[in-house]
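Notes follow once the structure below has been shown.
The values are calculated or read from the model by the stated rules, or taken from the named source; none is laboratory data. Keep in mind it's a predicted model, so treat the numbers as computed, not measured. Cβ placement follows ideal geometry from the backbone for every residue including glycine, while neighbour counts extend to all protein chains displayed. Each accessible area value is taken on the protein alone, full model and side chains, heavy atoms only, with ligands, DNA and RNA left out. Shrake-Rupley method; radii C 1.70, N 1.55, O 1.52, S 1.80 Å.
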Amino acid sequence: MSTVFEISTKNYTNDSMLVKKAMSHMETLTGNYNGYMFSEPSSKFGWTFFKMSLRPELEDSLRKEFSDMLSKYRWGNQDDRFANFLTDYFKAKGCDIKLKKLG
């Protein structure tokens, strides 16, 4: 079962490209390709929302590859820590987004 995140941004064109670039880099690091998908965006009140689903293989590989970074997040359960890590990773790559895990 895929993990689904909702991404919120005020600059969809720029941020979606940066997220795709960051995810492609992560796929290269882990050797798991075609491990994520984006939904169609929807806009409200100046924000654009879209969903990103991660296949279990990519998520597991990311958790292993970045386990040292994930261990630095002390609050919340494993899913919250992973979502916080992804948010910080994307922000380090220049994305001004908000990310939350759905479900």
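Listing for the model above:
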{"read-out": "Hits in the stretch 1-44 (condition: open to solvent by 90 Å² or more (accessible area, probe 1.4 Å) and part of a helix (DSSP H, G or I))", "value": "T13, M17, K21"}
{"read-out": "Residues (assigned to a strand (DSSP E or B) and either open to solvent by 90 Å² or more (accessible area, probe 1.4 Å) or at positive phi (or both)) located in the stretch 45-55", "value": "K51"}
{"read-out": "Sole exception among (1) of a type in the set (G, A, S); (2) assigned to a helix (DSSP H, G or I); (3) surrounded by fewer than 17 Cβ atoms within 10 Å (Cβ to Cβ) for G94, by number", "value": "(2)"}
{"read-out": "Search result, residues across the stretch 59-72 that are open to solvent by less than 60 Å² (accessible area, probe 1.4 Å), over 11 Å from the mean Cα position of the chain (by Cα) and in contact (Cβ under 8 Å) with a residue 24 or more places away in the chain", "value": "S61"}
{"read-out": "Tabulated pairs, the stretch 1-17, first aromatic (F, W, Y), second surrounded by 13 or more Cβ atoms within 10 Å (Cβ to Cβ) and assigned to a helix (DSSP H, G or I), C-beta under 9 angstrom, 6+ apart or interchain", "value": "F5/A83; F5/L86"}
